[in-house]
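Worksheet for the structure shown next.
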Amino acid sequence: MPTVQEILARKGSNVIAVTPGETVLKAAELMSERGIGGLVVTEGGRLVGIFTERDILRRVVAPQRDPAATRVAEVMTTPVTACAPDTSVDECAAMMTGKRIRHLPVVGDRGLAGVITIGDVLAFQVREQQATIDYMHHFMFDLR
């Protein structure tokens, strides 16, 4: 059964993180510069939260908070739902769908190992399904 480690092997394990004391404005600027929808929040190398576009919308914009004066710690999502590198891709898909989350940190024995998104999971599943279709197609037509 395919695991999260296979997704990380393809996409890499680079993680963009901020500290809880960073301002929402700086975090949003970083997200915009990198073209990403979420950041992990770490303190002393430990995962303490996640900060996403949804947090900006619901916890900063809607209540009309000043992003330059609001700290990430005040509006980040915590506790964080995470998975291990050996978690199956199907299990992650079910977890992300069930909890309605789009970003899933991957935590291994050595700490934060990467972050996968629902897009990563879907792309992986589509590649796996296409490989199965191709195999079946060749099997059926090679018998003739």
Residues located in region 103-144, provided they are in a helix (DSSP H, G or I), of a type in the set (D, E, K, R) and at pLDDT 90 or above: D120
Matching residues in region 54-74 - criterion: being touching a strand residue (DSSP E or B) at 6+ places or on another chain (Cβ under 7 Å) and part of a helix (DSSP H, G or I): D55, V72
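Say we look at region 109-144 and pick out the residues that are in contact (Cβ under 8 Å) with a residue 40 or more places away in the chain and not β-branched (V, I, T); which of these is surrounded by the most Cβ atoms within 10 Å (Cβ to Cβ)? First the steps, then the outcome.
Here is the first cut: in region 109-144, the residues in contact (Cβ under 8 Å) with a residue 40 or more places away in the chain are 111-117, 120-121, 124, 128.
Retained after the next criterion (residues that are not β-branched (V, I, T)): 111-114, 120, 124, 128.
Numbers: G111: 11, L112: 18, A113: 19, G114: 22, D120: 20, F124: 20, E128: 14.
It comes out as G114.
Among the residues of region 62-97, write down those that are β-branched (V, I, T) and surrounded by 14 or more Cβ atoms within 10 Å (Cβ to Cβ). Break it down stepwise before answering.
Kept after step one, since they are β-branched (V, I, T), are these residues of region 62-97: 70, 72, 75, 77-78, 80-81, 87, 89, 97.
The answer is T70, V72, V75, T77, V80, T81, T87, V89.
The values are calculated or read from the model by the stated rules, or taken from the named source; none is laboratory data. Keep in mind that this is a model prediction, so the values were computed, not measured. Glycine gets a Cβ as well: all are built from the backbone with ideal geometry, and neighbour counts include every protein chain shown.
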